[in-house]
Structure formats: structure tokens, C-alpha cells
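The values are calculated or read from the model by the stated rules, or taken from the named source; none is laboratory data. Small disclaimer: the values here were computed from a predicted structure and weren't measured. Note: ideal-geometry Cβ built from the backbone for every residue, glycine included; neighbour counts use all protein chains shown.
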Amino acid sequence: MDHYTQYQPTTGFTRWLDSRLPLVRMAHETIMDYPTPRNLNYMWTFGGVLAFCLGVQILTGIVLAMYYAANTQLAFDSIEHLMRDVNYGWLMRYTHQSGASMFFIAVYIHIFRGLYYGSYKAPREILWIIGVLILLVMMATAFMGYSLVWGQMSFWAVTVITNLFSSLDSIVNGLGTALVQWIWGGFSVDNATLNRLFSLHYLLPFVLAGLVVLHIWALHVPGNNNPTGVDLRDIHREAVPFHPYYTTKDGFALIVFCVLYAYFVFYMPGYLGDATNYVQANPLQTPPHIVPEWYFLPFYAILRSIPSKLGGVIAMFGSIVVLMLAPWLDTSRVRSTRYRPLYRWFFWALVVSCLVLGWLGGKPPEGNYLIVGRIFTAYYFLHFLVIMPFVGIIETPKPQPRSIAESILGPSARGAGRMPHPAPAAAETR
Amino acid sequence: MAITMDEPVTRRDFIHIAATAFTTIGAAAALWPLISQMNPDRSALSLASTELDLAPIQEGQAVTVMWRGKPIFVRHRTADEIQKAKAVPLSDLKDPIARVVDAPDEPATDENRTKAGKEQWLVMIGICTHLGCIPKGQKNGDEKGAYGGWFCPCHGSMYDTAGRIRQGPAPQNLAIPPYAFETDTKIKIG
Amino acid sequence: MKFVSQRSFVRLAGALMVLAFCGGLSAAEEEGQVVEKQDWTFNGLTGYYDKAQLRRGFMVYKNVCAACHGLRLLSYRNLGEPGGPEFSEANVTQFAADAQVTDGPNDDGEMFQRPGKPSDRFVSPYPNEKAAAAAQNGAVPPDLSVMAKARSYERHAAWYMSPVIWVSDLFTTYQEAGPDYIVALLRGYAEPPAGVTLASGMNYNKAFPGYQIAMPKPLSDGQVDYSDGTPATVDNYSKDVAAFLMWTAEPKLEERKRMGLKVLVYLVILAGLLYLSKRTIWRDVEH
């Protein structure tokens, strides 16, 4: 993507700064002048929403860390003290707690947008891989954050999930157990475990922020994809500067997102969680149903579909690895599913599978629930490993527009279309 | 924005100004809880006052209680101690100001450092005004210094029977916290 | 993103949902815990606590439940703070002073008992869990501070009703599963049906998972004096104490919901302004 910049430092200070550390120039190029395709729909607003979510989680998280005590005797009470006595403590806690769920709602929509419009395909493979890494770090962070509450669900979720690594014992004798004790810092989940969970939970969001910088950089090199999947060719007719066009559109979408967010924070703070986590952790009593937070349920369902412990772990991680390989598994020459009449059915089948797997993850893995879970787990892997390669080859795509301009302006798009006003064209001093 | 500096603000652009202004109001309102949460919380504020029953304290005895994390010296002074304190002329004092917290400066007479009609009760913040050590003198066996009051072992500051600095490096008299008599035998500090 | 034969698909889906709804509703109470939804003043966008109800509930707690159940996350001063039962300062001081608090060590190095102050935490009936278990035949009466958030109940509807329940809960802002369960539990004591043998020391309760609970029936009519004239029945006791426990779990509910209304109104207005701003900017650009 060629550089398209309008930045001219106008004052003495800005010229001085620009010649030493071009931060303002970088900001200008990245979020103001950056040419963005005009035809992006609202599915493209979730990236901005996600950046907002990360910012809110970090801000509220730092505040929460001022009150949280990472000790098995004090953790639960420290959070209750925050909720009851600290000024606006309840607001900080609920914002952070609901924020995690909102973060995952946005990320799942963002991922499915990528899958639908072929945003993972060349030349955006690295962008996609960084995205999947972001998902993994998000999952680790959320898992650890939930454990810090040290309620029954926190404790037993950590116990169950860390115990999974003992399945490595079937590959190398003793390796799994050693690994698990290394993670625990002891012979069971206890104070040592909680302290390290807190340390890592504080660390990972900043790793995430770094990955997000790489993610945006990797995006800006080839430029945005768009609903037609056709490459951007003519910046002047097919793109607009990011500011003010997409700053306002993303801003609007963000506020709509915040309406739902606020609804959860202020009226339904317990809706997305589990009542069992308001019971303090008791290592001697297992709760009747151990269930992770909703955003982990599809993976939980996949884990429990496979009868063997090691197989389940492999399948669970495999479901994310297979996502990472999408750029190479999909053989279609057409990016956007808009023009892929056959693949479209399978895309929606994948969406349905993920939703059903999510629902099943909250049910006990027995009887019909287990059978259906296995069917949809099979479909999930089939989709990536068989359908993506196969359908890409045999499908006859619908005719794509020759350019973005044609899709906007119609087939006779030649010479029509005005150049939009670029961002601040005001006050050019000489 | 699609305007130059010369064009007047049109109705089209008013919406941008309104949206920006409304956003800024919200951002400021959202910022307030983040700042306010660092203020002392309700449990700290509930300990902002301490009540003390004076009845068990015999004449010539002293107790130390905690208030807002600080030691408070409460002494039931003998007539002798009161008389000695009243006999000191102001010009002899190293620090002539009474040092009552949150009150305007007044001369450091014995009357100004106690409550009217309750001069046998001396209530002070037990932190040496030099560098913050806790002076000795609360217990009967303690070293009390040459003036019969309190003696700070760290650098040798000596306070008299009204808690005023008489000798040593401390610059000020021991501070008097805000307190009031709820009944004849109960005080509320803070 | 267009569906093939969209209209007929939608019609079929609609018919299925109506069928599911009717079928699902009738299946709701066949088995499992018997829990009814109650009316609560604190439900909904404009929810609030009925102070008189919270005070009655506290009297029930103090006179009946406090014998075995602690409230350790609360301080006595909470009883007088805004958003709760808002007892007078004199009452709060009295409630605190009625309790004996362990303090110390004193100058002899010993712990001692003294009357409570408003800043003290509620005193639990047992010093630790083992003492509680020893006094209660092995069962530990749980602390009630967050009980209203720590309990829920199975809806036991048909599997296809799940999305219906999720959506209806979302629209009714249903967060009262805890208090509903507590009411059902306190009213749920009954004789075991034919064929059910109780384990030793257990009592039959229709709302408790597994139907056998170690706690004997705690409430009976006329047990606690209601000075405001409300009938002193088990039904009222259970409702009032459940409301009180909702407050102990969520003392900031009123503040939260008040703020929420302002925030939502603000966000909706802001969304409108931002939408108009966005439309204005995009007006001259074909897209």
C-alpha cells in the first residue's frame, strides 16, 4: 500500500518533534489519512470496538488491582470489600466483569466477519495468524481473571483445566504430572497458583496490546479487505481517509455496542456468569456442575466430545490451530462468500455448529447431548479440513464486480465518482 | 472536516460540534469514578472517629489509643501536673502556638490545649514533631524527661506536662487532635 | 448475504417457535425443584428496595437465622447507610452493641470480648467452620452475606426452550433467581411423599436440589413480631428475609440502577447524535 499522507507539521514545535520522533506523523498516517475502502459495512466496526474493550479492561483492571489481594484467604473478601465500601468499586468490578464478555462477543463477530469475507486469504495470512494469537492470549487472560475471584467455579475450573495437562503422562511417563505440579507450584491448586495467576493476568493484556499493534501494522501493509473481496485499486474513487469517515462510523457503532454493555453492567451483571462463583472456593467440595464462562463453552463441548483425555485436549487446541490454517486450507480463488453460492451454506452451518456447541458446553456430557456434541464437533473439523479445500475447487462462484468502484457505482463506473474531501484540508500555511 | 477556516459554521457542522461536545461530557463523567475510587473508602471513613471511655483511667494514669493509624496519648493529669503546666510563662516556651489540629493558631497556654472544665484530661497525638518517633512517658516507669511530661528516646526531645516542647530538636508542641466530650466520661476523637 | 427462499424459511421457523413455546411452557414444572417467580420491588430498570420490607427482613434474620448463619461481609453501620434498611443511628448503635466482638490482644496478650461498634463486622455465631459443623451434626450453616447471588434454580423446561428463556430473562432483566429460590426453600418444607425415605437428620424440602436438606424448618407463623402490622406469617417472613438477603448481597443495587438509567439515556442520545454526524459526513460520498 503506498503511503498517502497529508501531514505537514505547521508549528516550530511540531517540526522539531517530527524530525526527532515522528509520532504525530505516525498517528496521522494510521488513523487519519489512511485510505480505507468506502464500501465497508458495519461488520468492519468491531476492530475499533475491540480496541476500546482492551482499553477499558486495562483501565478498570489497574483500578481493581489496587484493591485485590491475591491470597486464598483474602481474595474473595477483597473483592466483596471493593464492591461494598470502595467508592464506585461495584462499578469498576461489574464493568471489568461484563467487559470480558463484551470483549468475546466482539471478537467472535470479528472472526466470523473474517471468515465470511475471506479476510484471512492472501496477502493477509500473517494478519490472520496474529489475530488467532490474540484470541489465544485473550482466552488465557480471561481464564486467569475468572480464577482470581476464588469462588467455587474459579477454583474448580483451574483444577480441571490444569489437570488436563496430566494427559501428557500417556505420551511420556511422568511428564504430565511434572508439568501440572510446575503449573500449580504445589501438589494441588493453592496459594502459589493463585499468586502466579494474578501476576500473569496483569501481564498478558500488555502482551495483547503489543500483538494488537502488530495486528494493525499487518493490516495497513496490504490495506483493508472489503465486502466484495476485490482489491482496492483506485484510492481516490474507491477509498476515503479514515478520519472523519470511519472515525465517526466506528464511533457510532461503538456507542451502540456500549448500550448493550451498559445494559449488562447496570441491570444484568449476573446474567452471563454463574451463581456458584459466589460461593467461596472449597477444595473439599466439588460443585455439581463445573461450567466455564459462556465464551469457552464451544471449546469445552469439543473437549468433552472425545472419549480420551489426551484426545480431548488435542481436539480442543486443534480447533484453534485449524482456524489458524484457514488461509491455506481454503482453496477458493474468490475471497468474499457474497460470491460463493455453495460455500455460503457451509459457512452458516459452521456458525450454527459453534452456537450449538456453545449451548451443549453448558449441558452435562451424557445421552443425547453427547451424541449431538460429537456430530457438531465432527462438523467443525470437517468444515476446515475437508469442506474448505474441497468446495473451493468444485464451486462455480458468482461473477464478482471488476472493482470496488463498479460495485459502488454500477457497471458504467468510469469517470463518475467524486474525490472526497481529505481530512483537514484547512489552514494550509505557507 | 470539510470546511476551511473562512467559512462560517453552518447547520451541517453544528451536528459535529454537538456530537463532540456531548461525547466530551460523557467522557468526563466516566472519568470521575476512576478518580473518586482512590479516595478513602467507607470502611476507612467509618474509622475516622474513635470513642473512648475515660472512666477507667485513674488520676496519674495515661492510655494510648489508635486513631486514624496514629497513637493518641490520653493522660488523666494530677493537680500537681496541671499546676506545673499553668505556671510556665509563654516566653519560656520553644513553640508558643497551641497546635490544635484544624483550629486557628492560639497561644500555647495550658487552657488552650485542654477543654474548658476538663483540664485534667490531656489528649494529644503521640508523635514527636521532630522526626516521628513515639515519645516515652505514658507508663509510670517511663523516662519522662526533665519537665515531667514526655521524653523522646530517638533524639532527646523533652515535652512538659502539657505536652509542649521545652528542650531538644523537635520544633513544635505535640499536636492536639480534634475531639469533644460526649459525656463527662466519654470523648469522641475525630 | 441473501438466503434462498427466505420467506418460506422464515414462516417455517416461526411456526416451529410457536409450537416450541407452547410445548415448552407446559413442560416447565413437571420435575425438579419447585420454585415460583415472585414479585420484587427491586426487579427491573426502576428497581428499588422497600425499606420497611428490609427492616422486617432484618428482624427475621436477627431473631431466627442469626443463631446459626453469619453475615460476615457486612458491617453494622451498613444497616444505617443509604440504599438499605436505613435504620436510625441509635438503632444501628444498639444492634452493634448487642453483639459481643472479639478484640485484642490486650496488654496482657489476651483476646477479650467487648460490645460491638457500628464499624465492626457482623459477628458470626460460630468462630470457624469446624465449630459450626460440630454444633450442627456435621452440616455447616453457610454464611448468608451473598446467598441471594450464590443460588439459582433449574428451569427444567424442554431443551428447545433455552433460547426463549435467555431472551425473556434479558428483556425482563431477571436477576432475582436467588431470592426466588430462597423464598421457595423457606416455604418448601413438607412431608416426604410416599416411597421417599429421609436420610438420618435430614428434612424434606420441595425446592432444595435432591429434596433433602439438613436445616430443619426455621420459620413458623407468629415467630417474629412485626411492629408495622404486616401479618406475621411464614409466607411474609420468607419474602421479607429474601429481600433482606438480596440487599446484603447487593447493597448498591439502587445506586447502580439509578446510574444505569442515566447512562442508558445518555448513550442513546449520543448514539443519535453520532449517527447524524456520520450521515452528514458520508452524505456527499458514493459508497
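Results for (1) modelled with pLDDT of 95 or more; (2) closer than 13 Å to residue B:174 by Cα, shown as yes or no for each residue.
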| position | (1), (2) |
| --- | --- |
| B:74 | yes, yes |
| B:82 | no, no |
| B:95 | no, yes |
| B:98 | no, yes |
| B:110 | no, yes |
With the first residue restricted to segment A:15-34 and required to be crowded, with 17+ Cβ neighbours inside 10 Å, and the second required to be acidic (Asp, Glu), Cβ contacts under 8 Å at 6 or more apart or on different chains are A:25/A:18
Sole miss for residue A:120 among (1) assigned to a helix (DSSP H, G or I); (2) aromatic (Phe, Trp, Tyr); (3) closer than 23 Å to residue A:210 by Cα is condition (1)
Discussion item. Whether any residue in segment B:126-145 is modelled with pLDDT under 90 and among the polar types (S, T, N, Q) is what I want to check.
Written reply: yes
Check: Any chance segment A:274-288 includes a residue that's more than 21 Å from the chain's Cα centre (by Cα), within 29 Å of residue B:30 (Cα to Cα), within 14 Å of another protein chain (Cβ to nearest Cβ) and not in a helix (DSSP H, G or I)?
Finding: yes
Just one listed residue, out of A:88, A:116, A:120, is under 22 Å from residue A:352 (Cα atoms) and either under 11 Å from the mean Cα position of the chain (by Cα) or within 11 Å of another protein chain (Cβ to nearest Cβ) (or both), and it is A:116
Flagged pairs (Cβ under 6 angstrom, 6 or more apart or on separate chains; first in segment A:247-265, facing another protein chain (nearest Cβ under 7 Å) and on the phi > 0 side of the Ramachandran plot; second crowded, with 21+ Cβ neighbours inside 10 Å and hydroxyl-bearing (Ser, Thr, Tyr)) are none
Scanning segment C:259-281 for residues that are under 18 Å from residue A:94 (Cα atoms) and more than 7 Å from every other protein chain (Cβ to nearest Cβ) gives C:261, C:262
Has segment B:67-85 got any residue that is loosely packed, with under 12 Cβ neighbours inside 10 Å and touching a strand residue (DSSP E or B) at 6+ places or on another chain (Cβ under 9 Å)?
-> yes
Of (1) part of a helix (DSSP H, G or I); (2) away from chain C (no Cβ under 14 Å); (3) of a type in the set (A, V, I, L, M, F, W, C), residue A:334 satisfies every one except (1)
Flagged in segment C:163-195 as of a type in the set (D, E, K, R) and in contact with a Lys or Arg (Cβ under 8 Å, 6 or more places away or on another chain), in numbering order, are C:176, C:180
Per the filter on segment A:86-130, residues in contact (Cβ under 8 Å) with a residue 60 or more places away in the chain and aromatic (Phe, Trp, Tyr) are A:94, A:104, A:108, A:112, A:116, A:117, A:120, A:128
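Residue-wise test of (1) at pLDDT 95 or above; (2) surrounded by fewer than 16 Cβ atoms within 10 Å (Cβ to Cβ); (3) out of contact with any helix residue (DSSP H, G or I) (no Cβ under 7 Å at 6 or more places or on another chain).
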| site | (1), (2), (3) |
| --- | --- |
| A:275 | yes, no, no |
| A:279 | yes, no, no |
| A:285 | no, yes, yes |
| A:290 | no, no, no |
| A:297 | yes, no, no |
| A:300 | yes, no, no |
| A:307 | no, yes, yes |
| A:310 | no, no, no |
Restricting segment B:31-51 to residues that are under 23 Å from the mean Cα position of the chain (by Cα), surrounded by 15 or more Cβ atoms within 10 Å (Cβ to Cβ) and within 8 Å of another protein chain (Cβ to nearest Cβ), the one nearest to residue B:177 (Cα to Cα) turns out to be B:47
Checked against (1) surrounded by fewer than 22 Cβ atoms within 10 Å (Cβ to Cβ); (2) under 17 Å from residue A:52 (Cα atoms); (3) of a type in the set (Val, Ile, Thr), residue A:265 satisfies every condition except (1)
* In this structure, is residue B:57 outside the structural domain of residue B:77 (by TED's automatic domain parsing), out of contact with any helix residue (DSSP H, G or I) (no Cβ under 9 Å at 6 or more places or on another chain) and modelled with pLDDT of 90 or more? -> no
Residue count, segment B:106-126, condition over 17 Å from residue B:77 (Cβ atoms) and either in contact with a helix residue (DSSP H, G or I) (Cβ under 9 Å, 6 or more places away or on another chain) or surrounded by fewer than 11 Cβ atoms within 10 Å (Cβ to Cβ) (or both), comes to 1
(Q) Quick check on residue C:149: is it surrounded by 19 or more Cβ atoms within 10 Å (Cβ to Cβ) and closer than 30 Å to residue B:52 by Cα? (A) no
Notebook entry, point to check: Could we say that residue A:303 is among the hydrophobic types (A, V, I, L, M, F, W, C), more than 27 Å from residue A:118 (Cα to Cα) and over 23 Å from the mean Cα position of the chain (by Cα) here?
Noted result: no
Restricting attention to segment C:108-124, the residues that are buried (at least 17 other Cβ atoms within 10 Å of the Cβ) and more than 9 Å from every other protein chain (Cβ to nearest Cβ) number exactly 6
Expected single match for within 30 Å of residue C:134 (Cα to Cα) and within 13 Å of another protein chain (Cβ to nearest Cβ) among C:70, C:44 is C:70
Within segment A:262-273, restricting to residues that are assigned to a helix (DSSP H, G or I) and of a type outside the set (Phe, Trp, Tyr), the one that is nearest to residue C:142 (Cα to Cα) is A:265
Could you tell me whether any residue of segment C:204-214 is among the small types (Gly, Ala, Ser), outside any loop (DSSP other than H, G, I, E, B), away from chain A (no Cβ under 14 Å) and within 19 Å of the chain's Cα centre (by Cα)?
no
Per the filter on segment A:337-347, residues within 11 Å of chain C (Cβ to nearest Cβ), in contact (Cβ under 8 Å) with a residue 12 or more places away in the chain and in a helix (DSSP H, G or I) are A:337, A:338, A:347
**Prompt:** Is it fair to say residue B:81 is charged (D, E, K, R) and within 14 Å of another protein chain (Cβ to nearest Cβ)?
**Reply:** no
Of the listed residues (A:385, A:329, A:350), the one being under 21 Å from residue A:129 (Cβ atoms), exposed (fewer than 15 other Cβ atoms within 10 Å of the Cβ) and either modelled with pLDDT of 90 or more or within 9 Å of another protein chain (Cβ to nearest Cβ) (or both) is A:385
In segment C:141-194, residues that are facing another protein chain (nearest Cβ under 10 Å), assigned to a loop (DSSP other than H, G, I, E, B) and free of Cβ contacts under 8 Å to residues at least 60 places away in the same chain total 2
